[in-house]
Amino acid sequence: MADNRDDDQDIVETKNIDTEKVDYDLTEEADNTEVTEGSAKEPGKDEETDNLLNQLEASQKKAEEHWDQLVRLQAEMENLRKRNSKEVENARKFGLEKMAKELLSVRDSLEMGLNAAKAENVELEQIREGMDLTLKNLIQVMEKFDIVAVDPMGEKFNPELHQAMNTQETEGVEPNTVVMVMQKGYTLNDRLIRPALVGVSK
């Protein structure tokens with residue numbers, strides 16, 4: 001009987017050992033499974049991180065390019081502003097250069113006429129002819145620059161072009177007609193720069 005009890009005790013201990021071994025094997029397998037799953041997830045996270053870093057680097061590079069373009073554009077705009085300012089200043093200073101050159105010939109003609117008038121035995125007709133030539137020269141210069149005389153003799157009074165200095169009774173003339181031009185007016189490129197001074201019929 002004693003031998004049988006010993007055998008039963010050995011069987012129980014053997015079962016306990018086997019159970020502990022099974023539990024250990026299951027625990028180790030579970031740990032290995034967790035490690036394997038964790039290892040499988042890590043490469044995905046690294047790839048996502050790399051993608052984000054690449055996108056960030058590309059965005060920073062593009063931002064730097066845009067900033068450089070903005071700086072260059074601002075510099076070009078400043079240079080353009082300076083050039084335009086210089087051109088406007090030159091136009092203001094030298095805009096009448098061509099007209100001034102044309103007027104020099106008129107002055108030369110006037111000076112020659114005055115010198116001729118001072119000479120002895122000069123004829124009045126010669127002086128008159130010289131003045132006529134000078135006036136024609138001046139008119140040609142003015143026409144080149146679209147300066148046109150306003151000479152409204154016999155026309156209807158136009159307050160936009162004429163300035164009435166007086167009114168007078170005039171037989172055979174309709175009222176509000178220019179019957180006297182005291183001073184011609186002038187336009188520049190169709191813009192009035194001086195009205196004609198006139199007398200108007202009642």
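Here r is the Cβ-Cβ distance between Leu192 and Glu78 and R0 is 35 Å; the resulting FRET efficiency, rounded to 0.05, is 0.30. So what is Rg over Rh here for segment 146-202, counting just Cα atoms and using Kirkwood for Rh? Rounded to two decimals, Rg over Rh is 1.01. For segment 83-132 versus segment 136-202, the inter-centroid distance based on Cα atoms is 25 Å.
Listed cross-link partners Lys93/Lys144; Lys82/Lys144; Lys93/Lys118; Lys136/Lys202; Lys98/Lys184 are compared with a 28 Å cut-off, the Cα-Cα value being larger for Lys82/Lys144; Lys93/Lys118; Lys136/Lys202.
Coordinate-derived values only; no laboratory data. All figures in this text were calculated on a predicted structure; none of them were measured in a lab. Because the Cβ atoms are built from the backbone with ideal geometry, glycine has one as well, and the counts that use them run over all protein chains shown.
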